[in-house]
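K.L.:
Below: one structure in structure tokens.
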Amino acid sequence: MLAERFGVSRGSIRDAFRMLEMIGLLEMRHGQGTFPRELSVDRLVTPLASMLTNRRDLEGELMDVRRMFEPAVARVAATRITDDDLEGLRRILDAQRRKVKAGQSALVEDTAFHAALARATRNTVVVRIMETLNGLLIESRKLALKQPSRPERSLEGHEAVVAALARHDADAAASAMHAHIDQIAELLERTGRPDRRPGDGPRS
């Protein structure tokens, strides 16, 4: 029995099963029992998105996830990126550069850059996780891009990443991405986001 194995009550096991069924990981078949569903990428990512969307106190942890995840994405992309991928990233940078120069919001390009970088890894799970992160970061990016010098910093960070990718330099790509995230985090920390809570990490 699972209850005995984990040292919990049968009620706790039932509650856990109901939760796993709600998020699509288990299937209850009448008269047959409980069975795991085939684990698609959507079923893996959607519960994560739901949890982070409803828990604003986890935004500091979300920044930690970016620090761990995005440099690794850049590292892998540097080893797999094609000329077409690089051309697509440069087109995004060109559009971002024009908008920054004109004083317009480059939110779309900022988001598109990270999505295109994920696609360059040729890994479907990475692409879906990045889509989730991008969705969760929309509101904070809207606010952050209004901060003085933030759009220019974002562009400079992206340019450094692309320069490393063009050389297929995995270490440099990871370092550039880490520096990019750190720069934005430090900028936001200096400007003092009013909705930060004690103990939360910086946001981007």
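K.L.:
Quick check on the stretch 119-134. Is at least one of its residues at pLDDT 95 or above, assigned to a helix (DSSP H, G or I) and either out of contact with any Cys (no Cβ under 7 Å at 6 or more places or on another chain) or under 25 Å from Asp83 (Cβ atoms) (or both)?
P.N.:
Checking the stretch 119-134: at least one residue is at pLDDT 95 or above, assigned to a helix (DSSP H, G or I) and either out of contact with any Cys (no Cβ under 7 Å at 6 or more places or on another chain) or under 25 Å from Asp83 (Cβ atoms) (or both).
K.L.:
Against the definition (of a type in the set (A, V, I, L, M), open to solvent by 50 Å² or more (accessible area, probe 1.4 Å) and modelled with pLDDT under 95), how does Ala106 come out, yes or no? Reasoning before the result, please.
P.N.:
Numbers: of a type in the set (A, V, I, L, M): yes; open to solvent by 50 Å² or more (accessible area, probe 1.4 Å): no; modelled with pLDDT under 95: yes.
Judged against the criteria, Ala106 is not a match.
K.L.:
Output the residues belonging to the stretch 64-84 that are more than 13 Å from the chain's Cα centre (by Cα) and in contact (Cβ under 8 Å) with a residue 40 or more places away in the chain.
P.N.:
Here is the first cut: in the stretch 64-84, the ones more than 13 Å from the chain's Cα centre (by Cα) are 75-84.
The answer is Arg75, Val76, Ala77, Ala78, Thr79, Arg80, Ile81.
K.L.:
State whether the residues of the stretch 10-27 include one that is open to solvent by less than 80 Å² (accessible area, probe 1.4 Å), in a loop (DSSP other than H, G, I, E, B) and at pLDDT 80 or above.
P.N.:
Restricting attention to the stretch 10-27, the residues satisfying the condition of being open to solvent by less than 80 Å² (accessible area, probe 1.4 Å) are 11-13, 16-17, 20-21, 23-27.
From what is left, the residues that are in a loop (DSSP other than H, G, I, E, B) are 23-25.
Add one more test, that the residue is at pLDDT 80 or above, and what stays is none.
Within the stretch 10-27 (the criterion being open to solvent by less than 80 Å² (accessible area, probe 1.4 Å), in a loop (DSSP other than H, G, I, E, B) and at pLDDT 80 or above), the answer is no, since none of the residues qualifies.
K.L.:
Return the only residue of Arg75, Arg90 being under 16 Å from Leu155 (Cβ atoms), at pLDDT 95 or above and either acidic (Asp, Glu) or in a helix (DSSP H, G or I) (or both). Steps first, answer last, please.
P.N.:
Details: Arg75 fails: under 16 Å from Leu155 (Cβ atoms).
Within the list Arg75, Arg90, the selection yields Arg90.
K.L.:
For the list (1) part of a loop (DSSP other than H, G, I, E, B); (2) at pLDDT below 75, I need the number of the one condition that Gly31 fails.
P.N.:
(2)
K.L.:
So, one more: Name the residues in the stretch 139-184 that are of a type in the set (D, E, K, R), at pLDDT 95 or above and buried (at least 18 other Cβ atoms within 10 Å of the Cβ), would you?
P.N.:
Answer for the stretch 139-184, where residues must be of a type in the set (D, E, K, R), at pLDDT 95 or above and buried (at least 18 other Cβ atoms within 10 Å of the Cβ): there is none.
The values are calculated or read from the model by the stated rules, or taken from the named source; none is laboratory data. These numbers come from a predicted model, not from an experiment. Here the Cβ is made from the backbone with ideal geometry for all residues, glycine too, and neighbour counts use every protein chain on show. These accessible areas exclude ligands, DNA and RNA; they are computed on the full protein's heavy atoms, side chains included. Shrake-Rupley method; radii C 1.70, N 1.55, O 1.52, S 1.80 Å.
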